[in-house]
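**Student:** I'd like to ask some things about the structure below.
The values are calculated or read from the model by the stated rules, or taken from the named source; none is laboratory data. All values reported here derive from a predicted model rather than from experimental measurement. For neighbour counting, all protein chains shown are included, and Cβ atoms are generated from backbone atoms with ideal geometry for every residue, glycine included. Only protein heavy atoms, including side chains, enter the accessible area calculation; ligands, DNA and RNA are left aside. Shrake-Rupley method; radii C 1.70, N 1.55, O 1.52, S 1.80 Å.
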Amino acid sequence: MPNEVKAFKPKIVAFCCNWCSYAGADLAGTNRLAYPADVKIIRVPCSCRVNPMFILRAFQRGADGVILCGCHPGDCHYTTGNYYARRRMTLLFSMLDFLGIEKERTRVEWVSAAEGAKFAATMNDFVATVTALGENKRLEDLRCKE
Amino acid sequence: MQGMMLNRAKELLSDGTVNRVLGWQAGEFVYDITPAVFETEEELDAGFVYNGFCGNNLSKYLVKETLKDGKILVFLKPCDTYSFNQLLTEHRIDREKICAIGIPCDGKTSGEMLKAKGISGITGISEDADNFVVDTIYGQTTVAKADALEERCKTCKSKKHVAYDELLGEDGEILDSHRFDMVAKLEAMTPDERFAFWREQLSKCIRCNACRNVCPACTCEQCVFDNPKSGIAQKAAADSFEENMFHIIRAFHVAGRCTDCGECSRVCPQNIPLHLLNRKFIKDINELYGDYQAGAEVGTRAPLTNYTQEDVEPSIVYHREGK
Ligand code: SF4
Ligand code: SF4
Ligand code: SF4
């Protein structure tokens with residue numbers, strides 16, 4: 001049916017640190033907590049591994065929202081990684097907003113390995129926010145569109 | 001001032017304190033100033049200039065120059081001294097091999113600025129406190145500095161030198177320059193207005209890389225933008241995403257280390273107000289993590305390589321004032 005209008009389902013990229021949030025996502029899975037399948041998890045060794053280019057590249061390749069999850073401040077496996085990530089992401093998000101790019105498309109959330117429920121709730125909430133915003137138009141690369 | 005500088009440079013050359021002088025030299029036209037290294041008194045006499053066109057920040061050239069043998073003399077305007085300190089902080093230049101002379105600056109103009117005022121056939125320039133006196137083939141014209149200053153000089157942050165071995169002339173004060181006014185104005189717009197503003201500006205970029213090449217904070221041996229695997233190396237942006245990405249990443253890489261020397265905006269052939277991106281980061285850093293001026297002192301820790309446990313959460317961006 002070529003003219004069928006499909007409901008918009010956002011593509012979400014979630015960078016999750018290996019030690020807390022990825023395990024949190026795992027727990028959400030084993031507890032059978034539902035969150036949308038459009039959330040693609042990318043495992044990183046630490047939240048501070050994510051450099052601003054990763055976030056932009058995710059948008060370029062078609063993400064409608066990008067979320068970074070890491071250990072709670074104070075609980076970083078490498079002691080301080082998430083503190084650096086926190087400053088970087090704050091400044092990056094503020095810059096995106098300064099350029100007029102919807103600030104709600106990016107988010108940082110601290111999720112521990114025990115917080116499977118928080119992980120699922122966070123993802124559900126983020127997906128709802130991005131769904132309301134619609135497709136990512138301001139940081140898209142037309143060459144990467146299907 | 002040019003005379004005093006020339007004399008001092010010759011003295012230091014002849015008594016062997018330094019073996020080279022880093023200064024400015026006129027190009028094909030008097031307003032085409034380029035940085036130059038002079039090795040003899042004759043070369044100095046033939047080429048050395050210091051006038052209202054000498055905007056170039058010489059500090060970055062020291063990265064390569066201090067790898068060579070012998071000591072080099074460099075002239076630094078007040079804003080250049082901040083870059084100089086920042087380069088020292090980052091261990092990019094060798095202080096032992098430099099003799100730095102601070103020189104006063106009352107603001108710079110450019111051939112482009114004067115031509116926009118309808119002045120052509122420029123053959124020379126001199127200045128008093130408030131005016132540039134421009135010699136042209138049609139005679140002499142006077143332009144008020146307030147009308148002809150480079151953008152960055154209108155919002156000059158400091159007339160005080162923060163680093164030097166010697167000072168020629170009087171040292172000035174740190175100024176209250178209202179340099180964040182335009183950033184605040186943009187912040188007060190709606191996201192749609194901001195987006196339109198930046199699309200118009202950034203779509204002009206031809207990716208000549210001049211802003212990166214001139215920047216004293218951009219001293220990486222291998223720049224991300226030269227990575228052949230990145231898909232964006234050495235080419236003009238193919239679409240709006242690449243334009244946005246280049247500018248976000250360039251500004252981000254210098255965030256916390258950018259001294260707001262204004263070189264990037266000065267050299268941009270497309271007149272993109274790059275300083276607004278840098279200043280947005282500086283303003284955010286000041287507001288969120290406490291006032292910080294890169295290059296004010298040697299050895300301070302840049303805000304992005306630092307943290308406190310009480311730092312604000314990134315979600316502050318959603319709740320801040322503005323629209
Ligand atoms: S100097 Fe201007 S045109 Fe050249 S790459 Fe930088 S912003 Fe683009
Ligand atoms: S980004 Fe621009 S203002 Fe900042 S240090 Fe580099 S050239 Fe100077
Ligand atoms: S843009 Fe980034 S990678 Fe390139 S020289 Fe500047 S700081 Fe280095």
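**Student:** So in the range B:205-221, with the set limited to residues that are of a type in the set (A, V, I, L, M, F, W, C) and under 15 Å from B:I272 (Cβ atoms), which one is farthest from ligand 3 (Cβ to nearest atom)?
**Tutor:** Filtering the range B:205-221 for residues that are of a type in the set (A, V, I, L, M, F, W, C) and under 15 Å from B:I272 (Cβ atoms), the one farthest from ligand 3 (Cβ to nearest atom) comes out as B:I206.
**Student:** Listed residues B:K204, B:K280; which is under 18 Å from A:L99 (Cα atoms), in contact (Cβ under 8 Å) with a residue 40 or more places away in the chain and more than 12 Å from ligand 2 (Cβ to nearest atom)?
**Tutor:** Being under 18 Å from A:L99 (Cα atoms), in contact (Cβ under 8 Å) with a residue 40 or more places away in the chain and more than 12 Å from ligand 2 (Cβ to nearest atom) holds for just one of B:K204, B:K280, which is B:K204.
**Student:** Are any of the residues in the range B:178-191 part of a helix (DSSP H, G or I), within 16 Å of ligand 2 (Cβ to nearest atom), surrounded by 17 or more Cβ atoms within 10 Å (Cβ to Cβ) and not assigned by TED's automatic domain parsing to the domain that holds B:E287?
**Tutor:** Our first condition is that a residue be part of a helix (DSSP H, G or I); within the range B:178-191, this holds for B:181-187, B:191.
Of the ones still in play, those that are also within 16 Å of ligand 2 (Cβ to nearest atom) are B:182-183.
Then keep just the ones that are surrounded by 17 or more Cβ atoms within 10 Å (Cβ to Cβ); that gives B:183.
Subsequent filtering for residues that are not assigned by TED's automatic domain parsing to the domain that holds B:E287 retains none.
No: the range B:178-191 contains no residue that is part of a helix (DSSP H, G or I), within 16 Å of ligand 2 (Cβ to nearest atom), surrounded by 17 or more Cβ atoms within 10 Å (Cβ to Cβ) and not assigned by TED's automatic domain parsing to the domain that holds B:E287.
**Student:** If we keep just the residues of the range B:198-222 that are part of a loop (DSSP other than H, G, I, E, B) and among the polar types (S, T, N, Q), which is nearest to ligand 1 (Cβ to nearest atom)?
**Tutor:** B:N209
**Student:** Follow-up. Which one is farthest from A:Y84 (Cα to Cα), of the residues in the range A:14-28 that are without any contact (Cβ under 8 Å) to a residue 60 or more places away in the chain and outside any strand (DSSP E or B)?
**Tutor:** A:Y22
**Student:** Tell me the residue from B:L202, B:L186 that is within 16 Å of ligand 3 (Cβ to nearest atom) and within 10 Å of another protein chain (Cβ to nearest Cβ), please.
**Tutor:** Just one listed residue meets the conditions, B:L202.
**Student:** Another question, then. Whether any residue in the range B:153-165 is polar (S, T, N, Q) and within 14 Å of chain A (Cβ to nearest Cβ) is what I want to check. Even if it seems obvious, please write down each step before you answer.
**Tutor:** Step one: filter the range B:153-165 for residues polar (S, T, N, Q), giving B:155, B:158.
After this cut, where a residue has to be within 14 Å of chain A (Cβ to nearest Cβ) as well, the list is none.
No, the range B:153-165 contains no residue that is polar (S, T, N, Q) and within 14 Å of chain A (Cβ to nearest Cβ).
**Student:** So, one more: Name the one entry in B:R194, B:R212 that is farther than 22 Å from B:R257 by Cβ, open to solvent by less than 70 Å² (accessible area, probe 1.4 Å) and among the charged types (D, E, K, R).
**Tutor:** B:R194
**Student:** For B:H247, are the conditions met, namely being within 14 Å of ligand 1 (Cβ to nearest atom), crowded, with 22+ Cβ neighbours inside 10 Å, at pLDDT 95 or above and outside any loop (DSSP other than H, G, I, E, B)?
**Tutor:** It is false that B:H247 is within 14 Å of ligand 1 (Cβ to nearest atom), crowded, with 22+ Cβ neighbours inside 10 Å, at pLDDT 95 or above and outside any loop (DSSP other than H, G, I, E, B).
**Student:** Can I ask one more? B:T305 is checked against (1) touching an Asp or Glu at 6+ places or on another chain (Cβ under 8 Å); (2) open to solvent by 30 Å² or more (accessible area, probe 1.4 Å) and fails just one. What number does that condition carry?
**Tutor:** Result: B:T305 passes all but (1).
**Student:** Go through the residues of the range B:27-39 one by one and say whether even a single one is free of Cβ contacts under 8 Å to residues at least 24 places away in the same chain and touching a Cys at 6+ places or on another chain (Cβ under 8 Å).
**Tutor:** Checking the range B:27-39: at least one residue is free of Cβ contacts under 8 Å to residues at least 24 places away in the same chain and touching a Cys at 6+ places or on another chain (Cβ under 8 Å).
**Student:** Considering only the range B:42-73, state which residues are open to solvent by 70 Å² or more (accessible area, probe 1.4 Å) and outside any loop (DSSP other than H, G, I, E, B).
**Tutor:** Of everything in the range B:42-73, those that are open to solvent by 70 Å² or more (accessible area, probe 1.4 Å) and outside any loop (DSSP other than H, G, I, E, B) turn out to be B:E42, B:E43, B:D45, B:A46, B:Y61, B:K64.
**Student:** Could you check the range B:252-323 for helices (runs of 4 or more DSSP H) lying wholly inside it with 1 or more residues that are within 13 Å of chain A (Cβ to nearest Cβ)?
**Tutor:** B:274-289, B:316-319
**Student:** Let me ask something else about it. Can you tell me which residue among B:G262, B:G256 is within 19 Å of B:A294 (Cα to Cα), within 8 Å of ligand 2 (Cβ to nearest atom) and buried (at least 19 other Cβ atoms within 10 Å of the Cβ)?
**Tutor:** Only one candidate passes the filter, namely B:G262.
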